[in-house]
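The values are calculated or read from the model by the stated rules, or taken from the named source; none is laboratory data. Keep in mind that what you see is a predicted model, and the values were worked out from it rather than measured. Cβ sites come from the backbone with ideal geometry, for glycine too, and all protein chains shown count toward neighbours.
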Amino acid sequence: MLQYELLVSKREKGKHNLKLLRNGKNIPCVAYGHGEKNRVFYVDEKELNKIFHQMGREKTLINIKLDDDDFLAVIKDIQRSPRTNKIIHIDFQIIHKNEKMKLKVPVLVKGTSKGVIAGGILEHILRDIEIKCLPKDIPSHIEVDITDLEIGDSIHVKDLKIEKYDILDNPEEVILTVLAPKAFVEETPKPEEETKEPEVIREKKEEEEEEEENKEKKSEKETKEKKEKK
């Protein structure tokens with residue numbers, strides 16, 4: 001597990017001091033942990049950004065050097081300005097080397113699935129795995145080999161074979177799966193469907209035609225009767 005070193009300086013408590021630090025592009029910090037005294041200090045904004053760029057995620061172990069004090073910690077909380085989004089305060093959690101800690105590590109996909117080669121679609125569902133382990137055993141990522149996955153296959157949390165740390169996520173949770181490609185079927189009307197008259201409309205027309213025919217017959221009958229009377 002990579003560890004990053006961060007040089008920090010002691011600071012005095014008080015709102016006025018916090019404002020001076022931030023104006024000087026320094027970020028106030030506090031470190032705490034069970035059985036530990038709180039440490040208050042500040043870090044140069046440039047140095048912190050450099051470490052962020054290197055480690056890429058907040059749960060990486062950081063070796064903090066505060067004068068003669070030297071301790072391991074992870075970032076517990078970051079406060080940002082609602083106006084500028086700049087970091088204005090950081091909480092660090094002190095880590096003991098002989099105590100297990102909880103954290104999430106990213107899932108790294110390795111290989112190309114046989115199902116994807118055959119036209120399937122890889123869906124990556126669970127991108128971080130929560131684990132519990134000793135600080136020295138913290139992995140930078142969890143690697144998942146998908147080479148043998150066919151269309152319809154999935155990898156679950158329970159499929160991971162890891163000895164150095166405990167996995168805390170639900171064993172039945174799906175990490176990734178290979179879906180079948182969506183078939184696009186273009187429907188074209190059949191010739192008979194284009195010319196076929198709907199049954200209801202045809203019946204209505206037949207009724208109207210029959211009614212019209214009856215009217216004509218009735219009219220002819222009435223005309224004939226009138227002539228005979230004359």
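Does Thr177 satisfy the condition of being in contact with a strand residue (DSSP E or B) (Cβ under 8 Å, 6 or more places away or on another chain), part of a loop (DSSP other than H, G, I, E, B) and either aromatic (Phe, Trp, Tyr) or over 30 Å from Phe41 (Cα atoms) (or both)?
no
For the structure I just gave you, tell me whether Ile162 is outside the structural domain of Ala31 (by TED's automatic domain parsing) and farther than 26 Å from Lys182 by Cα. So Ile162 fits the description; yes.
No other residue among Ile90, Ile94 is more than 27 Å from Leu126 (Cβ to Cβ) and in contact with a Cys (Cβ under 7 Å, 6 or more places away or on another chain) apart from Ile90.
In the stretch 111-120 there is no residue matching the filter, namely being among the hydroxyl-bearing types (Ser, Thr, Tyr), over 16 Å from Thr177 (Cβ atoms) and surrounded by 13 or more Cβ atoms within 10 Å (Cβ to Cβ).
Rundown of residues vs (1) surrounded by fewer than 14 Cβ atoms within 10 Å (Cβ to Cβ); (2) of a type in the set (Asp, Glu); (3) within 21 Å of Pro181 (Cα to Cα), yes/no style:
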position	(1), (2), (3)
Asp77	yes, yes, no
Ile125	yes, no, yes
Glu150	yes, yes, yes
Ser154	no, no, yes
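Of the listed requirements (1) in contact with a Leu (Cβ under 9 Å, 6 or more places away or on another chain); (2) over 30 Å from Cys29 (Cβ atoms), Met101 misses just one: (2). Look at (1) closer than 30 Å to Asn26 by Cβ; (2) in contact (Cβ under 8 Å) with a residue 60 or more places away in the chain; (3) assigned to a strand (DSSP E or B) and you find that Ser140 fails only one, number (3).
As a summary of the residue check, Ile87 satisfies the conditions (1) in contact (Cβ under 8 Å) with a residue 40 or more places away in the chain; (2) β-branched (Val, Ile, Thr); (3) surrounded by fewer than 15 Cβ atoms within 10 Å (Cβ to Cβ) except for the one numbered (3).
Where strands (runs of 3 or more DSSP E) sit wholly within the stretch 19-132, those with at least 2 residues that are among the acidic types (Asp, Glu) and at pLDDT 85 or above occupy 69-80.
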